[in-house]
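S.K.: This is the structure I want to talk about, given as structure tokens.
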Amino acid sequence: MTSWSPDKLHSDRERWICIYPAYVNSKKTIAEGRRVPKDKAVENPTYQEIRDVLSAAGMKVGVENKLYPRERSKEMLYRGRIRVQLKNDDGTPLNPEFPTRESVMLHVCSMIPKLKTRQGKAGGGDHSAQGAAGSGGGGSKKKGKGRR
């Protein structure tokens, strides 16, 4: 089952799984690279958001300045690839909550909407809101639950 060679340990960065923002982007089709169900995916996630969520979960992460091969836009917004260590050198999951690449991506999808940077935008998971109408940036609108 394991295709590991003695010269490459799970702790070597080349053995860590890769997550591109396109994998969890609800705006992408499967042909464009989405790898999670559309209803669980997140609207236009960034590599910073993925990194923040995985770091908060205690995962070992690394950021690489790579562009997803299927990405047509060369904008900086779409750059970035996250590397995540999934297993210990003995092959056991580093974090029992995340034994597979799917479990990591679904965790990312569930947590990105809860980030403070996302709180002011598109009210709590209701995808009927006009997503692209605000054309990004802004974010200075505060909802009622401010400082206490």
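The values are calculated or read from the model by the stated rules, or taken from the named source; none is laboratory data. Just so we're clear, the structure is a prediction, and the values are computed from it rather than from any experiment. No Cβ is skipped: glycine too gets one built from the backbone with ideal geometry, and neighbour counts run over all protein chains shown. SASA here: full protein model, heavy atoms, side chains in, ligands and nucleic acids out. Shrake-Rupley method; radii C 1.70, N 1.55, O 1.52, S 1.80 Å.
S.K.: Take ARG101 and decide whether it is modelled with pLDDT of 90 or more and touching a strand residue (DSSP E or B) at 6+ places or on another chain (Cβ under 6 Å).
M.R.: Here the answer is yes, as ARG101 does meet what is asked.
S.K.: Give me the pairs: first residue in region 45-64 and closer than 11 Å to VAL84 by Cβ, second residue part of a loop (DSSP other than H, G, I, E, B) and open to solvent by less than 60 Å² (accessible area, probe 1.4 Å), beta-carbon distance under 6 Å, and six or more apart or on different chains, which are they?
M.R.: Short answer, once both residue conditions are applied: LYS60/GLN85.
S.K.: Now for a separate question. Of the numbered conditions (1) modelled with pLDDT under 90; (2) within 17 Å of VAL24 (Cα to Cα); (3) not in a loop (DSSP other than H, G, I, E, B), ALA133 fails exactly one; give the number of that condition.
M.R.: Checking ALA133 against (1) modelled with pLDDT under 90; (2) within 17 Å of VAL24 (Cα to Cα); (3) not in a loop (DSSP other than H, G, I, E, B), the one that fails is (2).
Quick grid of which residues meet (1) among the aliphatic types (A, V, I, L, M); (2) farther than 12 Å from CYS109 by Cα:
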| position | (1), (2) |
| --- | --- |
| PRO21 | no, no |
| SER26 | no, no |
| THR29 | no, yes |
| GLU32 | no, yes |
| VAL42 | yes, no |
| PRO45 | no, no |
| LYS60 | no, yes |
| VAL63 | yes, yes |
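S.K.: Filter region 97-107 down to residues that are open to solvent by 60 Å² or more (accessible area, probe 1.4 Å) and assigned to a helix (DSSP H, G or I), then give me how many there are.
M.R.: Residues meeting the conditions: 3.
S.K.: Enumerate the pairs (first residue in region 71-84 and over 19 Å from ASP12 (Cα atoms); second residue anywhere and aromatic (Phe, Trp, Tyr) and assigned to a helix (DSSP H, G or I)) with beta-carbon separation below 6 Å, excluding pairs fewer than 6 apart on the same chain, so at least 6 apart or on different chains.
M.R.: Hits for this filter: GLU71/TYR78; GLY80/TYR47.
S.K.: Step by step: first the residues of region 75-100, then only those that are in contact with a Leu (Cβ under 7 Å, 6 or more places away or on another chain) and of a type in the set (Lys, Arg), then the one that is farthest from ILE19 (Cα to Cα). Which residue is that?
M.R.: LYS87
S.K.: Could you say whether any residue in region 108-115 is open to solvent by 70 Å² or more (accessible area, probe 1.4 Å), more than 16 Å from ILE17 (Cα to Cα), in a helix (DSSP H, G or I) and modelled with pLDDT of 50 or more?
M.R.: Yes: region 108-115 contains one or more residues that are open to solvent by 70 Å² or more (accessible area, probe 1.4 Å), more than 16 Å from ILE17 (Cα to Cα), in a helix (DSSP H, G or I) and modelled with pLDDT of 50 or more.
S.K.: Additional query: Taking the options ASP89, ASP52, name whichever one is of a type in the set (D, E, K, R) and touching a Ser or Thr at 6+ places or on another chain (Cβ under 8 Å).
M.R.: Every option except ASP89 fails the conditions.
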